[in-house]
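Remarks on the structure that follows.
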Amino acid sequence: MPEPVPNAELLRSLGRLVRGLSALFWGLPIALLACFYVVRGEGLRPFGVGPPLLTTGLLAFGLWQLGDFQKQERVWRAALDRARLLSLVNLFLSPFLYWWNKIPANEFFFTMVLLLTFSALLFLASLNLVLRRLGAMLPDEGLRLETRQFTALNLNLLFVTFLVAATYLLLGQFRALPPWLGIIMGLLDQGSFWFLILLVLLPLAMTMALLWKTKEVILDNVFGGHPPG
C-alpha cells in the first residue's frame, strides 16, 4: 500500500537534509584548504578563481538542500536564511582571494579578503545556530544535548577569534603604542596567523562532528542506517 503524500514529502525533505549535511561536512574542510592554498601557495594558481568559487558554492548548495525541511518553523527558517545569506556573501567574495594573490599591493583586494575572513567566521557561527535549531527538532535527546553544548563552545571560540583579529587590526592602525601593547603586538606579529588558524580549526572540527552526528541520527532513525535513494 503506498504511503500517504505527507509522509512521502517528509521523506524527500529528509533525503535532501541528509545530502545537505553531507555537502556541508565535506565542503567545510575543502573550502578551507582551497582558500588557504589560493592565498598562501602557488599550486592552485593555474585554476584561477575556480577552487574558491566551487568550494564556497558547495557550502551554499548544502544549505539550500536543508530548506525543504520544516518550512513552517520560523526560528529554524530564520537561522537557515541568515546562514544562506552569509554563504552567498562568501561565494561572491571568494574570487578576491585569487586576485589578491595576483596583486597583493592592491588595498581594495586586501579589504575584500578581510571582509571575506570576517564573513566566513560569521558563517561558521551561523551554521552552528542552524545545527542547534535542527537538533532541537529531531527526536534524539542525546543529539539535542550534544548540539547545545558544542555549539555554545564553538560560538564562544569564534567570538574570541573575532575579538583577537579585530583587536590586532585596530592596534595596527596606531603608530605609537604603550610598551605593554607593543609587546603584545610583537607576539601577535610573530604567531598571529597560526594562532588564529588554531582558534578556527577547533570549532571547525567540532562543527563537522555535529554535522556527521546529525546526519547519522537521521539515517538511523528514519532510513534505518541507509542513505535515501
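At a glance:
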| item | result |
| --- | --- |
| Scope segment 85-130; condition β-branched (Val, Ile, Thr) and closer than 24 Å to Ala205 by Cβ; matching residues | Val89, Val113, Thr117, Val130 |
| Search result, residues across segment 25-58 that are more than 23 Å from Leu127 (Cα to Cα), under 19 Å from the mean Cα position of the chain (by Cα) and surrounded by 19 or more Cβ atoms within 10 Å (Cβ to Cβ) | Val38 |
| Selection status of Phe61, surrounded by fewer than 21 Cβ atoms within 10 Å (Cβ to Cβ) and in a helix (DSSP H, G or I) | yes |
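Just so you know, all these numbers are worked out from the coordinates, no wet-lab data involved. Just so it is clear, the model here is predicted, and its values are computed rather than measured. All Cβ positions, even for glycine, are placed from backbone atoms using ideal geometry, and neighbour counts span all protein chains on display.
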